[in-house]
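The values are calculated or read from the model by the stated rules, or taken from the named source; none is laboratory data. This one's a predicted model, so the numbers in the text were calculated from it and none came from an experiment. Methodologically, a virtual Cβ is constructed for each residue, glycine included, from the backbone with ideal geometry; neighbour enumeration extends over all protein chains shown.
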Amino acid sequence: MTLIEVRQAHKTYRHHGHDVLAVRGVDLTIEPGETLALVGESGCGKSTLGRLLAGTSRATSGDVLLDGRDLYSQCASDRTARRRVQMVFQHPLQSLNPRFSVESTLREPLRLQRGLSPQARTERLRETMGLVGLDAEYLRRRPTELSGGQQQRVALARALMSDPELIVLDEPTSSLDQSVRRRTVALLRQVQERTGVAYLFITHDLATVPQIAHRVAVMYLGRIVEEATPERLFAQPAHPYTRALIAAAPTMTVGRREWEVIRGETPSASDLPRGCAFRDRCPMAIARCAEEAPLLSEELPGHRVECHRAWETPSSSDRPEVMYS
Amino acid sequence: MVARLEIRDLTVRSESRQQPVLRGVSFSVEPGQILGLVGESGSGKTITGLAVMGMLPSGFEITGGHVSVLGREIASAGRPSARKAADATMVFQNPLGALNPTMRIGKQLIRVLRRNRGLAKHDAHDAALELLQRVGISGAERVLASYPHQLSGGMTQRVMIAVALACDSAVIIADEPTTALDVTVQAQIFDLVTRVVAENGCSVVLVTHDLPAVAQLCDRVAVLYAGQLMEIGDAHAVLEQPQHPYTRFLLDSVTKAGDPNVVDLGPDWSLTGCRYAHRCPLVHDACLSVPDAVPVGPRGHVVSCVLAEARVV
């Protein structure tokens, strides 16, 4: 049974007298034990969508359902429901209480769980520390006495103390050094294998996606523009934006290369172009893109794309300065 | 040929540590070259850049070695910085922090141009417009009239590069210039940097922890760990045939899956010998002494490791 179902979710903020359309009609599902990677650039709405799925923010319209029932109202009314979805943030030092030892940090979520004996609580603490690979010697330390990688392990352990079914990971590895990043991703996978927890893995770093995700959704200006397995997405990206993201990312092939893959920057979510939101930057835009917004369609099983010219290869009539790898 | 930027045996100490935070770092950058200075956080990359700029934070001082630009010494132990804007400028990770938030872009840029090129106000305005166009800003008049906070991150970073060009600096130190930017905008900035270097022939030091960016942007690579230069050479040599165990570790961390059961060790600043000894899989007794820099290949491929010494002997 599907764990999380999102149907036509919208989230609009009011900012300086403008409506900011952060999420504009998103459909997605997460199955138990699955990792969905949510990829996009700053301002695309991925963190807003993450907060909707963590139950900390309510959709302006549309549904976010946990086991078929509204997630936000479940979280608001029922502490045990809140336990089922947890969150880990990009900067562990900012999300951990600096005055709490690791032990106090990890015991805090247990206060929401009634009927646990003191022995069971201590046992749970020991188990979770083992799960995230931290020795008991760390229990008495405070966050500032830990390295970035260790802090992120503590943040993950705190989320796991509630025995959640979904953890929303918002850029959990972005502030870490590359070697620590790899180890943290491997740790996340190991934890998933052992506990069966599902992840929404929010990132702007495409390189980490194949290491962790079962499926990946690419977001641009509040909408999911493409969704597929990582294998398919990297082998046959169908949306021009996905192709640009892949082409723009540096790789380890040593040597000078052409860099500029698309022009401009993401426009403001309070002043969207008519039609397709990507058309101003798109190398393949045609007249139709200005008139009519494309809709997400599933032409191949498990591979959804939202583009009038999906699957087409750019021709010489498209903007010449644009290159694809 | 005189190197644009030459750093010799640069040693920097901080009040808070017994051991130097930079220990005998040497490298040079030729005109038209981009050198990638790589390492993990806390390795001394930024301190190296700040030492060149004469901008070390309080509590840090140069205790040995020197920095020169075009053969002229601009920094050394016990002497105040003699850097001029024409020698070196720095582009920071957070451009908003480097621009004056209360002053329009135009005024800031015109000030730099008047001071460095001695231009009249009107000519400086035209020069500022031309510079902004050169760094790929289309609505240059509008940007000149804007305050820094009104611009996007990519746009501000373009302005910072325009400021560096306005100084006609021989050396540009770019400290993680694209870390805060989106990947498609990062690609645009890398395109600009490549173009500026080709047109101006200036030397660029790109301080970064992003090895793929270095692989595809830089001519040379210098690897720093805990203030010790581990390996330096052409990008092809260092990244395709790494000789230092630490360089190999860094490359593996990009290409191979991590082991979740290894908990990360930070640098050990108390080590008097090789700084990497406590993490090195090949460590042995000889690592208790400071390794010499040993040439291991053509075009200045140099490694600081006792194992490299042994191989040559």
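Which one is modelled with the highest pLDDT among residues in the range B:284-313 that are buried (at least 17 other Cβ atoms within 10 Å of the Cβ) and part of a loop (DSSP other than H, G, I, E, B)?
Ranking the qualifying residues of the range B:284-313, first place goes to B:CYS305.
Identify the single condition in (1) away from chain A (no Cβ under 13 Å); (2) in contact (Cβ under 8 Å) with a residue 24 or more places away in the chain that B:ASP285 does not satisfy, given that it satisfies every other one.
Of the numbered conditions (1) away from chain A (no Cβ under 13 Å); (2) in contact (Cβ under 8 Å) with a residue 24 or more places away in the chain, the odd one out for B:ASP285 is (2).
So, of the residues in the range A:232-242 that are part of a helix (DSSP H, G or I) and crowded, with 22+ Cβ neighbours inside 10 Å, which turns out to be nearest to the other protein chains (Cβ to nearest Cβ)?
Here is the first cut: in the range A:232-242, the ones part of a helix (DSSP H, G or I) are A:232-235, A:240-242.
Among the residues that remain, those that are also crowded, with 22+ Cβ neighbours inside 10 Å are: A:233, A:240-242.
Working: A:LEU233: 15, A:PRO240: 11, A:TYR241: 9, A:THR242: 11 Å.
Ranking the candidates gives A:TYR241 first.
Which residue pairs have Cβ atoms under 9 Å apart, sit 6 or more places apart or on different chains, and have a first residue in the range B:5-22 that is within 12 Å of B:ALA51 (Cβ to Cβ) and a second that is crowded, with 18+ Cβ neighbours inside 10 Å and among the acidic types (Asp, Glu)?
Hits for this filter: B:LEU5/B:ASP87.
Would you check if B:GLY258 is of a type outside the set (S, T, N, Q), within 12 Å of chain A (Cβ to nearest Cβ) and within 22 Å of the chain's Cα centre (by Cα)?
Values: of a type outside the set (S, T, N, Q): yes; within 12 Å of chain A (Cβ to nearest Cβ): yes; within 22 Å of the chain's Cα centre (by Cα): no.
So B:GLY258 does not fit the description; no.
May I ask you to list the residues in the range A:133-173 that are hydroxyl-bearing (Ser, Thr, Tyr), within 11 Å of chain B (Cβ to nearest Cβ), over 17 Å from the mean Cα position of the chain (by Cα) and outside any helix (DSSP H, G or I)?
Listed by number, the list holds a single entry, A:SER147.
Go through B:THR247, B:THR272 for me and flag whichever is buried (at least 19 other Cβ atoms within 10 Å of the Cβ), among the β-branched types (Val, Ile, Thr) and more than 11 Å from every other protein chain (Cβ to nearest Cβ). Lay out the reasoning, then the answer.
On the way: B:THR272 fails: buried (at least 19 other Cβ atoms within 10 Å of the Cβ).
Matching residue, one of B:THR247, B:THR272: B:THR247.
Name the residue that is surrounded by the most Cβ atoms within 10 Å (Cβ to Cβ), counting only residues in the range B:85-115 that are closer than 26 Å to B:GLY201 by Cβ and polar (S, T, N, Q).
Restricting to residues being closer than 26 Å to B:GLY201 by Cβ and polar (S, T, N, Q), the top hit is B:THR89.
Being more than 11 Å from A:GLU103 (Cβ to Cβ) and either among the aromatic types (Phe, Trp, Tyr) or in contact (Cβ under 8 Å) with a residue 40 or more places away in the chain (or both) is the filter here; which residues of the range A:133-145 pass it?
A:GLY133, A:PRO143, A:THR144
Has the range B:147-168 got at least one residue that is buried (at least 19 other Cβ atoms within 10 Å of the Cβ), among the hydroxyl-bearing types (Ser, Thr, Tyr) and within 30 Å of B:LEU265 (Cβ to Cβ)?
Checked the range B:147-168: no residue is buried (at least 19 other Cβ atoms within 10 Å of the Cβ), among the hydroxyl-bearing types (Ser, Thr, Tyr) and within 30 Å of B:LEU265 (Cβ to Cβ).
Of all residues being outside any helix (DSSP H, G or I) and more than 14 Å from every other protein chain (Cβ to nearest Cβ) in the range B:118-156, which is farthest from the chain's Cα centre (by Cα)? Just the residue, please.
B:ALA120
Kindly provide the set of residues from the range B:31-68 that are under 9 Å from the mean Cα position of the chain (by Cα) and part of a strand (DSSP E or B), ordered by number.
Across the range B:31-68, the qualifying residues are B:LEU35, B:GLY36, B:LEU37, B:VAL38.
Looking only at the range A:192-241, how many residues end up being of a type in the set (Ser, Thr, Tyr) and within 21 Å of A:MET87 (Cα to Cα)? Walk me through it before giving the result.
Residues of the range A:192-241 of a type in the set (Ser, Thr, Tyr): A:195, A:199, A:203, A:208, A:220, A:229, A:241.
If we keep only those that are within 21 Å of A:MET87 (Cα to Cα) as well, we get A:195, A:199, A:203, A:208.
Qualifying residue count, the range A:192-241: 4.
Could you say whether any residue in the range A:206-226 is at pLDDT 95 or above, within 19 Å of the chain's Cα centre (by Cα) and at the interface with another protein chain (Cβ under 7 Å from one of its Cβ atoms)?
No: the range A:206-226 contains no residue that is at pLDDT 95 or above, within 19 Å of the chain's Cα centre (by Cα) and at the interface with another protein chain (Cβ under 7 Å from one of its Cβ atoms).
Being charged (D, E, K, R) and in contact (Cβ under 8 Å) with a residue 60 or more places away in the chain is the filter; apply it to the range A:206-259 and report the residue that is nearest to B:THR179 (Cα to Cα).
A:GLU258
Provide a single number: the residues in the range A:244-301 that are out of contact with any Ser or Thr (no Cβ under 8 Å at 6 or more places or on another chain), of a type in the set (Val, Ile, Thr) and within 11 Å of another protein chain (Cβ to nearest Cβ).
The number of residues fulfilling the criteria is 3.
Determine which member of the set A:LEU176, A:LEU187 is outside any helix (DSSP H, G or I) and within 11 Å of chain B (Cβ to nearest Cβ).
Details: A:LEU187 fails: outside any helix (DSSP H, G or I).
So the residue among A:LEU176, A:LEU187 that is outside any helix (DSSP H, G or I) and within 11 Å of chain B (Cβ to nearest Cβ) is A:LEU176.
Before we move on, is A:ARG194 charged (D, E, K, R) and at the interface with another protein chain (Cβ under 10 Å from one of its Cβ atoms)?
no
Contact list please: Cβ distance under 7 Å, first residue in the range A:116-130 and under 11 Å from A:MET161 (Cα atoms), second residue of a type outside the set (D, E, K, R) and at pLDDT 95 or above, pairs at least six apart or on different chains.
Once the first residue is under 11 Å from A:MET161 (Cα atoms) and sits in the range A:116-130, its partners that are of a type outside the set (D, E, K, R) and at pLDDT 95 or above give A:ARG124/A:MET161; A:LEU125/A:LEU106; A:THR128/A:LEU106; A:THR128/A:ALA157; A:THR128/A:LEU160; A:THR128/A:MET161; A:MET129/A:ALA157.
Is the range A:22-42 home to any residue that is surrounded by 19 or more Cβ atoms within 10 Å (Cβ to Cβ), out of contact with any strand residue (DSSP E or B) (no Cβ under 6 Å at 6 or more places or on another chain) and in contact (Cβ under 8 Å) with a residue 40 or more places away in the chain?
Yes, some residue in the range A:22-42 is surrounded by 19 or more Cβ atoms within 10 Å (Cβ to Cβ), out of contact with any strand residue (DSSP E or B) (no Cβ under 6 Å at 6 or more places or on another chain) and in contact (Cβ under 8 Å) with a residue 40 or more places away in the chain.
Please go through the range A:1-45 and give me each residue that is farther than 16 Å from A:VAL64 by Cα and over 16 Å from the mean Cα position of the chain (by Cα), ordered by number.
Selection gives A:TYR13, A:ARG14, A:HIS15, A:HIS16, A:GLY17, A:HIS18, A:ASP19, A:VAL20, A:LEU21.
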